[in-house]
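Take a look at the structure set out below.
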Amino acid sequence: MRGDYQLVLLAVTVMPVHRCQDITAFLQGQTHVMSLLQHVAALDVDDCWIGAGLIRNAIWDHLHGMPVELVPGSDVDVVYYESADTSPTRDLAIEKRLFNALPAIPWSVHNQARMHEANADAPYRNVADAISYWPETATAIAARIISDKVEIVAPHGIDDLVGMVVRPSPNFTHKLSIYRNRIATKKWAQRWPGLQFIDT
């Protein structure tokens, strides 16, 4: 595995440079995360990322001084945007390729060109737009490797993520019952007691 990955921060808000450097060093040091990103990059699917829990949980583990590992029961969410074929069959075909490569990983693949229908949102324009509709600001992050560089997309910035603040994303404030149910069922406070929860 190459060690010269660089990070490009694609975010709506401008983040302090030292935090970008911290995330760069963190991702480069996580062999298992980089391996998963490499397998997704090998798919050669445009606008294809690993998002949500894998990146968020790893950072929260690190900030809590815990070993960084896959959280039991948590999927590895692969998200991509492909308007030419929005059938679930396309997702399953990509999932199969990933399972064939790493069968022990709980891959979950979803084309964001279709997911607005399930989420009762306006159509998403791309993966970055889709991520902006994810439930929490800290969850709204994804990463990929492209041209030997690690890119992250964080439509709501990374302040809440590294500050361990859990709050509904701006596009999710009208779905607070879903947000509250996620907080209640996922038991994040038990694994990461340093989190601060905001309900509005």
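The values are calculated or read from the model by the stated rules, or taken from the named source; none is laboratory data. None of the values given here were measured: they were computed from a predicted structure. Neighbour counts are summed over all protein chains in view; Cβ atoms, including those assigned to glycine, are modelled from backbone coordinates with ideal geometry. Each accessible area value is taken on the protein alone, full model and side chains, heavy atoms only, with ligands, DNA and RNA left out. Shrake-Rupley method; radii C 1.70, N 1.55, O 1.52, S 1.80 Å.
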| task | Could you please find all residues in region 74-118 being under 15 Å from the mean Cα position of the chain (by Cα), of a type in the set (D, E) and modelled with pLDDT of 95 or more? | result | D77
| message | Which numbered condition in (1) loosely packed, with under 13 Cβ neighbours inside 10 Å; (2) modelled with pLDDT of 85 or more; (3) in contact with a strand residue (DSSP E or B) (Cβ under 9 Å, 6 or more places away or on another chain) is the only one that T13 fails? | response | (2)
| task | Select from region 100-118 the residues that are open to solvent by 10 Å² or more (accessible area, probe 1.4 Å), of a type in the set (A, V, I, L, M) and either free of Cβ contacts under 8 Å to residues at least 40 places away in the same chain or not in a helix (DSSP H, G or I) (or both) and list them in ascending order. | result | L102, A104, I105, A113, M115, A118
| said: I'd like to verify a number: residues in region 156-180 that are under 25 Å from M66 (Cβ atoms) and assigned to a helix (DSSP H, G or I), how many? | reply: 6
| task | Starting from region 85-99, take each residue that is open to solvent by less than 60 Å² (accessible area, probe 1.4 Å) and list its partners that are in a helix (DSSP H, G or I), counting only C-beta distances under 8 angstrom and pairs at least six apart or across chains. | result | L98/H39; L98/V40
| task | Name the one entry in D121, D129, D77 that is of a type outside the set (A, V, I, L, M), in contact with a Ser or Thr (Cβ under 7 Å, 6 or more places away or on another chain) and surrounded by fewer than 21 Cβ atoms within 10 Å (Cβ to Cβ). | result | D77
| task | State whether the residues of region 190-200 include one that is under 25 Å from V33 (Cβ atoms), assigned to a helix (DSSP H, G or I) and open to solvent by 40 Å² or more (accessible area, probe 1.4 Å). | result | yes
| note | Checked region 132-144 for anything open to solvent by 10 Å² or more (accessible area, probe 1.4 Å) and more than 19 Å from L37 (Cα to Cα); matches are S132, Y133, W134, P135, T137
| field | Search result, residues across region 28-59 that are of a type in the set (A, V, I, L, M, F, W, C) and open to solvent by 50 Å² or more (accessible area, probe 1.4 Å) | value | A42
| Residue match in region 133-155 (condition: part of a helix (DSSP H, G or I) and either more than 22 Å from S87 (Cβ to Cβ) or among the small types (G, A, S) (or both)) | no
